[in-house]
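The structure appears right after this line, and notes come after that.
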Amino acid sequence: MSFDRVGPLLGQRVLVTGAGGQLGRYLVPAVRRSGATVIALGLRAAAGIDVAVDLADREAAVNAISSVSPDVVIHAAACTDVDGIERDPHRGDSGNAWATRNVADATSDSRGYLIAVGTDMVFPGDGGAPYAEDAPPAPISAYGRSKLEAETAVLETDPAFAVARTAWLYGGSGKHFPRTVLSVLRDRGGIDVVDDERGSPTYAADLADALVQLAVTRGCGVFHLVNEGSASRFTLARETARLAGFNPDLVRPISTEEFLKRYPLPARRPADSTLRNMRAAALGISLRDWREAVKRYVPHLVADLLPGTTAASTTAMGGR
Ligand SMILES: NC(=O)c1ccc[n+]([C@@H]2O[C@H](COP(=O)([O-])OP(=O)(O)OC[C@H]3O[C@@H](n4cnc5c(N)ncnc54)[C@H](OP(=O)(O)O)[C@@H]3O)[C@@H](O)[C@H]2O)c1
């Protein structure tokens, strides 16, 4: 008999969607550490994926989830191609709004509890930040609208379900902002970054732990799970550069207007979408300050992007 598996979700079956994505890769081990049995759902068959299904396909999604009969579903799958959705809003309708409705219906049929991951991009960012959970959403992009429809589907299906909005996620080996900053610094020796876009940078590892805590408390309604504080893209980029051992002055400020003249993007981003965690904090769930989280993560990024160097030796190599 083994006594080594203990934890707050011991004995529960937890289905994680988007298991192969940026957040999912932290979420699966975090749920496993909680003692639960994890079922990892991905869009395609791959190593570490237990169930492969397109959640936008209603029949396939409902069958797949019902056959697992989960106690808890943490829905991290989404179409996150913000500009792609602006060009073709159908992708957001199907990958976010409809897929989430399918997940909500199937979880309800299985009498499980659902946490769906949401986004700061449901807010316009033109004045109300930092946004508390009850601030009125008013998305300015097709992605934001599709994620707001997903939220509505979740809470219409069962008010005991939860939506956990997060923002500016980074972590792992996929594409994210701190990785782009260090890659460009390494390859081009300097980078221009907008200083008039603000938000809540959030380490996916911290979010994964907070989602597990939320699953334990079975909190219902809307939550904001982000690292504490607020940063501009420029501040986050400079901090990332500094922690990696680059001269922070290699990160140069520009305005969003100037950036968009050079690199036009179809989707508008909120100017300040900083989120305030009030409701999860009241349950005892809060994430550390964003600067501490970046400090924890950047050494992993340096090991990945600048192998053979330490943060301290990067300055000597290419940091100037
Ligand atoms: N990234 C951010 O900055 C950010 C900010 C705020 C909120 N969020 C939210 O946080 C959550 C996790 O984001 P993330 O950064 O981990 O995104 P991600 O890396 O793009 O991962 C999303 C995963 O969902 C899968 N997926 C997409 N459509 C699917 C479908 N129809 N059926 C089944 N699986 C599907 C994708 O599979 P493939 O890889 O095979 O396509 C991918 O593995 C999402 O809800 C996102 O909206 C993200």
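What the table below lists for this structure:
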{"quantity": "Inter-residue pairs, beta-carbon under 7 Å, first part of a strand (DSSP E or B) and in segment 36-47, second of a type in the set (F, W, Y) and surrounded by 21 or more Cβ atoms within 10 Å (Cβ to Cβ), 6+ apart", "calculated": "none"}
{"quantity": "Residue pairs meeting the criteria (Cβ under 8 Å; at least 6 apart or on separate chains; first free of Cβ contacts under 8 Å to residues at least 12 places away in the same chain, in segment 100-129; second hydrophobic (A, V, I, L, M, F, W, C) and surrounded by fewer than 21 Cβ atoms within 10 Å (Cβ to Cβ))", "calculated": "G128/A135"}
{"quantity": "Inter-residue pairs, beta-carbon under 8 Å, first more than 14 Å from I140 (Cα to Cα) and in segment 80-96, second away from the ligand (no atom under 12 Å from the Cβ) and modelled with pLDDT under 95, 6+ apart", "calculated": "none"}
{"quantity": "Residue that is aromatic (F, W, Y), free of Cβ contacts under 8 Å to residues at least 60 places away in the same chain, outside any loop (DSSP other than H, G, I, E, B) and out of contact with any Leu (no Cβ under 7 Å at 6 or more places or on another chain), where the choices are F234, F259", "calculated": "F234"}
{"quantity": "Candidate set from segment 25-51 (those that are near the ligand (Cβ under 8 Å from one of its atoms) and in contact with a Leu (Cβ under 9 Å, 6 or more places away or on another chain)); member that is nearest to A99 (Cα to Cα)", "calculated": "L43"}
{"quantity": "From the options R58, R91, residue that is within 13 Å of the ligand (Cβ to nearest atom), surrounded by fewer than 16 Cβ atoms within 10 Å (Cβ to Cβ) and modelled with pLDDT of 95 or more", "calculated": "R58"}
{"quantity": "Which listed residue is farther than 24 Å from A205 by Cβ, more than 9 Å from the ligand (Cβ to nearest atom), under 19 Å from the mean Cα position of the chain (by Cα) and crowded, with 20+ Cβ neighbours inside 10 Å, from G112, G84, G125", "calculated": "G125"}
{"quantity": "Qualifying residues in segment 159-194 (those that are polar (S, T, N, Q) and surrounded by fewer than 21 Cβ atoms within 10 Å (Cβ to Cβ)) - the one farthest from the ligand (Cβ to nearest atom)", "calculated": "S183"}
{"quantity": "A267 being within 18 Å of P201 (Cβ to Cβ), outside any strand (DSSP E or B) and aliphatic (A, V, I, L, M)", "calculated": "no"}
{"quantity": "Looking only at segment 10-24, and only at residues there that are without any contact (Cβ under 8 Å) to a residue 60 or more places away in the chain and assigned to a loop (DSSP other than H, G, I, E, B), the one that is farthest from the chain's Cα centre (by Cα)", "calculated": "G11"}
{"quantity": "Those residues of segment 195-213 which are within 14 Å of the ligand (Cβ to nearest atom) and hydrophobic (A, V, I, L, M, F, W, C), in sequence order", "calculated": "A204, A205, L207, A208, A210, L211"}
{"quantity": "Residue list for segment 80-112, restricted to those being among the hydroxyl-bearing types (S, T, Y) and touching a helix residue (DSSP H, G or I) at 6+ places or on another chain (Cβ under 7 Å)", "calculated": "T100, T107, S108, S110"}
{"quantity": "Count of segment 104-158 residues which are polar (S, T, N, Q) and in a loop (DSSP other than H, G, I, E, B)", "calculated": "2"}
{"quantity": "In segment 1-55, the residues that are of a type in the set (D, E) and within 17 Å of A104 (Cα to Cα)", "calculated": "D54"}
{"quantity": "Candidate set from segment 135-158 (those that are among the acidic types (D, E) and under 20 Å from T217 (Cα atoms)); member that is nearest to the ligand (Cβ to nearest atom)", "calculated": "E151"}
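The values are calculated or read from the model by the stated rules, or taken from the named source; none is laboratory data. Please read these numbers as outputs of a predicted model, since none were measured by experiment. Glycine also receives a Cβ, built like all others from the backbone with ideal geometry; neighbour counts cover every protein chain displayed.
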